[in-house]
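Only one structure is covered here, and it is reproduced in the block below.
The values are calculated or read from the model by the stated rules, or taken from the named source; none is laboratory data. Predicted model only: the values in this text are computed from it and were never measured. Ideal geometry is used to build each Cβ from the backbone, glycine not excepted, and the neighbour counts take in all protein chains shown.
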Ligand code: NAP
């Protein structure tokens, strides 16, 4: 092993982003089985004052069990060689060179910060939203708290057949009582509880056999307290291509089970609940219509064709229109470029080999910015292990960065100068305490603080780390 990584010269690693992939990378580094004597210091930066990334800002409020994964990250954060610097943004407070001057390795774990677009007329009409905006709003992300969702119309359209689409459909269908037991942002609780939306139509461009839902999320749509799920029996009759696929070895059990679940839904008699979640297949929006806001959506009926070994949707001449006041496009997240860091415009990821940023020394990527916005939280564990293994290979081969100033005190001084309101892990713990205490008074897991001002104020109550 090179001399970096000894107690005299600890391996200094910066991680940009504090979501699951960043925390798994930190955890693997700090508990490194392949290098048991490694001395490593991990500094994690986030532009928000709060950690956990999409576990706080993405996972739906009615999924507390999924959020509980943050306990694993808390363990990592308690390691004495771990530091958190919240409210510190790469490109605003620190430059790429500030990091490469101070760390042997920099790991980018920034996820996918924006959404994909449908590219159809009317997409920017008021009432047409990216699902990512809605999700960030109901989860109390400070950048999105002032958005105004008008839920006065009776029908909302959700475009896409992934788990974010199921989250959006559920959040529109939960009752006030159900919402009130969650950590949904207060501003969203009121709006959602007063919603007039009674029909949520989820549009899939391909068929039931190609839906990207995972089984538990699809099953949940059939278990809503006050919403019936509705699938047209004609929609679950598989076309020859889908039938052959589902019966083939290539079909994943998730896809087979999705088809079974949807077939079950198609056979259901509606129970007359207040709301309906309608799952439609083989339809693609072609235009959103309205004079000054969303009033209608036009979509084409699709057929499935095989091209390059995959089953794709192709529009037919048949179109249909539905009145609606809201459209949520839930067709995937998209990565954005970090200042000073390579970026592949096609894949919207950082070009990398096994996590090693191409043509760079001592720079790595992990999570969605490494592989694209796919997989569940746990997928990031394996992904982070691969990146950390690559980094350690480079450590052993003496191929890491050669920082001019790899000193923790120097970094502390730089952060203090550039961002006096940086939030330490103890600062986040103070926020966490304040939110949980406020929640306890209302029988909720927490009441989120949703503005930078409130979060920074609460973070000031930090007791120094023991
Ligand atoms: P996703 O799983 O990739 O689903 C995107 C959906 O959008 C697909 O059905 C896709 O259809 C469709 N789509 C893409 N472009 C389209 C277009 N132009 N027109 C119409 N439809 C289009 O993405 P996601 O829902 O954003 O989720 C991201 C990741 O987070 C996923 O891995 C998901 O499982 C995960 N997640 C997990 C949970 C959970 O575990 N509870 C919750 C939320 C998110 P095609 O298949 O035809 O491309």
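Name the residue, out of 382, 360, that is more than 15 Å from the chain's Cα centre (by Cα), under 19 Å from residue 96 (Cα atoms) and either free of Cβ contacts under 8 Å to residues at least 40 places away in the same chain or within 16 Å of the ligand (Cβ to nearest atom) (or both).
Within the list 382, 360, the selection yields 360.
Give the residue that is nearest to the ligand (Cβ to nearest atom), with candidates limited to residues of segment 47-87 that are in contact with a strand residue (DSSP E or B) (Cβ under 9 Å, 6 or more places away or on another chain) and within 17 Å of residue 12 (Cα to Cα).
Step by step, filter segment 47-87, then rank; the result is 76.
Can you run down the residue pairs with Cβ atoms below 7 Å, 6 or more apart or on separate chains, where the first is in segment 306-324 and more than 25 Å from residue 123 (Cβ to Cβ) and within 15 Å of the ligand (Cβ to nearest atom) and the partner is part of a loop (DSSP other than H, G, I, E, B) and modelled with pLDDT of 95 or more?
Here the result reads 311/206, each pair linking segment 306-324 to a residue that is part of a loop (DSSP other than H, G, I, E, B) and modelled with pLDDT of 95 or more.
Identify all residues within segment 138-163 that are within 30 Å of residue 281 (Cα to Cα), surrounded by fewer than 19 Cβ atoms within 10 Å (Cβ to Cβ) and within 16 Å of the chain's Cα centre (by Cα); write none if there are none.
Within segment 138-163, just 163 meets the criteria.
Determine if segment 399-419 includes at least one residue that is over 30 Å from residue 290 (Cβ atoms), without any contact (Cβ under 8 Å) to a residue 60 or more places away in the chain, out of contact with any strand residue (DSSP E or B) (no Cβ under 7 Å at 6 or more places or on another chain) and within 14 Å of the ligand (Cβ to nearest atom).
No.
Would you confirm whether any residue within segment 367-383 is over 28 Å from residue 132 (Cα atoms), surrounded by 14 or more Cβ atoms within 10 Å (Cβ to Cβ), at pLDDT 95 or above and touching a strand residue (DSSP E or B) at 6+ places or on another chain (Cβ under 8 Å)?
No, there is no match, as no residue in segment 367-383 is over 28 Å from residue 132 (Cα atoms), surrounded by 14 or more Cβ atoms within 10 Å (Cβ to Cβ), at pLDDT 95 or above and touching a strand residue (DSSP E or B) at 6+ places or on another chain (Cβ under 8 Å).
Looking only at segment 325-351, count how many residues are in a strand (DSSP E or B), away from the ligand (no atom under 16 Å from the Cβ) and without any contact (Cβ under 8 Å) to a residue 24 or more places away in the chain.
Residues in segment 325-351 being in a strand (DSSP E or B), away from the ligand (no atom under 16 Å from the Cβ) and without any contact (Cβ under 8 Å) to a residue 24 or more places away in the chain: 1 in total.
So which strands (runs of 3 or more DSSP E) stay within segment 10-95 end to end and still have 1 or more residues that are surrounded by fewer than 24 Cβ atoms within 10 Å (Cβ to Cβ) and more than 23 Å from the chain's Cα centre (by Cα)?
Per the criteria, 40-46, 82-86.
Is there a residue being within 23 Å of residue 65 (Cβ to Cβ), buried (at least 19 other Cβ atoms within 10 Å of the Cβ) and in contact with a helix residue (DSSP H, G or I) (Cβ under 6 Å, 6 or more places away or on another chain) anywhere in segment 230-248?
The answer is no, given that none of the residues of segment 230-248 is within 23 Å of residue 65 (Cβ to Cβ), buried (at least 19 other Cβ atoms within 10 Å of the Cβ) and in contact with a helix residue (DSSP H, G or I) (Cβ under 6 Å, 6 or more places away or on another chain).
Any residue in segment 363-378 that's more than 15 Å from residue 352 (Cα to Cα): show its pairings with residues that are more than 9 Å from the ligand (Cβ to nearest atom) and part of a loop (DSSP other than H, G, I, E, B) at Cβ separation under 7 Å, as long as the two are six or more apart or on different chains.
Hits for this filter: 377/69.
Run down 255, 266 and say which single residue is more than 30 Å from residue 90 (Cα to Cα), touching a helix residue (DSSP H, G or I) at 6+ places or on another chain (Cβ under 7 Å), more than 16 Å from the ligand (Cβ to nearest atom) and modelled with pLDDT of 95 or more.
266
From the list 193, 211, pick out the single residue that is more than 20 Å from residue 301 (Cβ to Cβ), in contact with a helix residue (DSSP H, G or I) (Cβ under 6 Å, 6 or more places away or on another chain) and crowded, with 16+ Cβ neighbours inside 10 Å.
The unique qualifying residue is 193.
Which condition breaks for residue 216 when tested against (1) away from the ligand (no atom under 13 Å from the Cβ); (2) exposed (fewer than 15 other Cβ atoms within 10 Å of the Cβ)?
All conditions are met except number (1).
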